[in-house]
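S.K.: I have a structure here, written as structure tokens, and I will follow up with some questions on it.
The values are calculated or read from the model by the stated rules, or taken from the named source; none is laboratory data. Every value quoted in this text rests on a predicted model; they were computed, and no experiment measured them. Glycine gets a Cβ as well: all are built from the backbone with ideal geometry, and neighbour counts include every protein chain shown. Ligands, DNA and RNA are stripped out before the accessible areas are found, and what is left, the full protein with its side chains, is counted by its heavy atoms. Shrake-Rupley method; radii C 1.70, N 1.55, O 1.52, S 1.80 Å.
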Amino acid sequence: MNWDFRTAEELLKLCAYKYMDISDIMLAREMQLGELEREEIMEEIDRCLRVMNVAVDKAISDPSPSMGGFLGGEAQKLNGLEDSKQICGQVVHSAIVNALAVAETNASMGVIVAAPTAGAAGVLPAVLLSVYQNRDISIDTLRKGLINASAIGYLLTRNGSVSGAEAGCQAEVGSASAMAASALVEMLGGTPQQCCDAAAIALSNLLGLVCDPVRGLVEVPCQTRNAIGAAGAFTAAELAMAGVTVHIPLDEMIRITYDVGRSLPEALRETAKGGCAAACNVCPGAMHVAPTK
């Protein structure tokens, strides 16, 4: 049997025909096209999860200043926020901390998993690890979540873009949020259709997000956008699992996102010429000194 698919529609048909989850179809596809054994793929999945874990833990326990001096210690600060001052609940709060942490690790030249890019690398591990740490989720379910996300990432790369230079930050953080939302749904027992619906919701609500790194560095506003992308993934997943109607299917949403991204002005596509990059008053966090009277 041919396990390859080119669109979300084809993926969903395979899921329905074989009574399988998205992660199962993606795993079968990788085994067939890559001529790989299941154990080989799982070893790589586990390696990615280990890298994600280290990227989070390092920034929280022993933060380092970023290359540009904008970042360093934000995840640790948020991790230490008093319970009484937390608003989002433990799972989402943990995800936000994780997202900041991975962005810090990336900006300080640490090792991360580009999922789908370095600039958006915090979103997926933030969501996967926070759910794994705070809910009764098995390691096999965690693996399925990462494989599910890779299927959505494949569709986004094949039929759209995950490049900020080509299609803005919606193609990076937006794609990562869509991948995380779909993974969440499968990990929590949702259907393949709900996974695709969650991904479509995540994309539609970050549509038009520009790529405007201050001083051309993947630091500001990239770090906090990773946190927003992670939080948005939870919202999208919950909406989809509740059966909220999704009016634009994932394939169409991927096309729309790509078209919008290509229509963004050059100044808003990773050139550091517009948006936040054009701010006149920017102080690197690690070097900021409060003005004296």
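S.K.: Calculated from the structure, percent of Cα pairs over 28 Å apart equals which of (i) 55; (ii) 43; (iii) 35?
M.R.: Identified label for the calculated read-out: (iii).
S.K.: Stokes-Einstein at 4 °C, 1.567 mPa s, Kirkwood radius from Cα pairs: D for the range 161-211 in µm² s⁻¹?
M.R.: On the way: Rh = 10.8 Å.
Calculated translational D: 120 µm²/s.
S.K.: Residue by residue through the range 148-154, which ³J(HN,Hα) values in whole Hz follow from phi under the Karplus form 6.51 cos²θ - 1.76 cosθ + 1.60 (θ = phi - 60°), with glycine and proline marked x?
M.R.: Whole-Hz 3J(HN,Hα) from phi for the range 148-154: 4, 4, 5, 5, 5, x, 4.
S.K.: Something else about it: Expressed as a whole number of Å, what is the distance separating the alpha-carbon centroids of the range 214-281 and the range 154-187?
M.R.: 9
S.K.: If you don't mind, there's one more thing I want to ask. Could you check the spin-label model distance between LYS85 and ASN53? Points 7 Å from the Cα along Cα→Cβ, value in nm.
M.R.: 3.0
S.K.: Can you work out the Karplus-derived ³J(HN,Hα) for every residue in the range 27-43? Use 6.51 cos²θ - 1.76 cosθ + 1.60 with θ = phi - 60°, whole Hz, and x for glycine or proline.
M.R.: Computed from phi, the couplings for the range 27-43 are 5, 4, 4, 5, 5, 6, 6, x, 6, 10, 7, 4, 5, 5, 5, 5, 4 Hz.
S.K.: Any idea of CYS276's accessible area? Nearest 10 Å², probe 1.4 Å.
M.R.: Answer for CYS276: close to 50 Å² accessible.
S.K.: While we're here: Lysine pairs, Cα distance under 24 Å, 8 or more residues apart or cross-chain: how many in the chain?
M.R.: Values: LYS13/LYS144; LYS18/LYS144; LYS58/LYS77; LYS77/LYS85.
Lysine pairs meeting the criterion: 4.
S.K.: Would you work out the charge dipole size for the chain about its Cα centre, treating the Cβ of every Lys and Arg as +1 and the Cβ of every Asp and Glu as -1, and quote it to the nearest 20 debye?
M.R.: Values: 21 positive and 33 negative charges, 162 e Å.
Charge dipole, the chain, about its Cα centre: 780 debye, nearest 20.
S.K.: Residues of the range 48-103: accessible area per residue at 1.4 Å, in Å²? Don't jump to the answer; show the numbers that get you there.
M.R.: Working: 2730 Å² over 56 residues.
I get 49 Å² per residue for the range 48-103.
S.K.: Tell me which residues come under 5 Å, amide H to amide H, from VAL220 once H is placed; ignore anything under 5 positions away on its chain.
M.R.: VAL214
S.K.: Just flag the trypsin sites (Lys or Arg not before Pro) in the range 134-241 sitting in loop per DSSP whose Cβ has no more than 14 other Cβ atoms within 10 Å. Walk me through the numbers before you get to the answer.
M.R.: On the way: sites: ARG135, ARG143, LYS144, ARG158, ARG215, ARG225; in loops: ARG135.
Sparse-neighbourhood loop trypsin sites (Lys or Arg not before Pro): ARG135.
S.K.: OK, next. Just tell me the longest site-free run in the chain, where the sites are GluC sites (Glu not before Pro) in a DSSP loop having at most 16 other beta-carbon atoms within 10 Å.
M.R.: On the way: sites that count: GLU35, GLU37, GLU82.
Formally, the longest exposed-site-free interval is 83-293.
S.K.: Shifting gears a bit: Modelling each spin label as a point 7 Å along the Cα-to-Cβ direction, I'd like the SER61/ALA272 distance in nm, to one decimal.
M.R.: 3.3
S.K.: Here's a follow-up. Isolated Cys in the chain by the 4.7 Å beta carbon test?
M.R.: So, CYS15, CYS48, CYS88, CYS195, CYS196, CYS222, CYS276, CYS280, CYS283.
S.K.: Which ³J(HN,Hα) values, rounded to whole Hz and listed in residue order, are derived for the range 274-280 from phi using the Karplus coefficients 6.51, -1.76 and 1.60 in 6.51 cos²θ - 1.76 cosθ + 1.60 with θ = phi - 60°, glycine and proline given as x?
M.R.: x, x, 4, 5, 8, 4, 7
S.K.: With unit charges on the beta carbons (Lys and Arg positive, Asp and Glu negative) and the dipole taken about the Cα centre of the range 100-244, which residue among GLY232, PRO221, CYS169 sits farthest to the positive side?
M.R.: Final value for the positive-end residue is CYS169.
S.K.: Could you compute how much accessible surface THR271 exposes when probed at 1.4 Å, giving the result in Å² to the nearest 10?
M.R.: Its accessible surface works out to 50 Å², give or take rounding.
S.K.: Next question. Between GLU238 and VAL111, what is the spin-label point distance in nm, taking each point 7 Å from the Cα along the Cα→C-beta axis?
M.R.: Here the modelled spin labels are 3.6 nm apart.
S.K.: Still on this structure, I have one more. Pop out the carbon and sulfur fraction of the accessible area of the chain as a percent, whole number, probe 1.4 Å.
M.R.: Details: 7310 of 13530 Å².
Taking all protein chains in place, the chain shows 54 percent carbon and sulfur surface.
S.K.: Can you work out D for the range 1-99 in µm² s⁻¹ from Stokes-Einstein, where Rh is the Kirkwood radius over C-alpha pairs, the temperature is 10 °C and the viscosity is 1.306 mPa s? Please report the intermediate quantities before stating the final value.
M.R.: On the way: Rh = 17.0 Å.
After rounding, the answer is 94 µm²/s.
S.K.: Next question. Over the range 135-267, average the accessible area per residue using a 1.4 Å probe and give it in Å², no decimals.
M.R.: On the way: 4910 Å² over 133 residues.
Result: 37 Å² per residue.
S.K.: What value in Å³ per residue do you get for the convex hull of the alpha-carbon atoms in the range 108-222? Spell out each step's value before the answer.
M.R.: On the way: hull volume 12.1 nm³, N = 115.
Convex hull of Cα atoms, per residue: 105 Å³.
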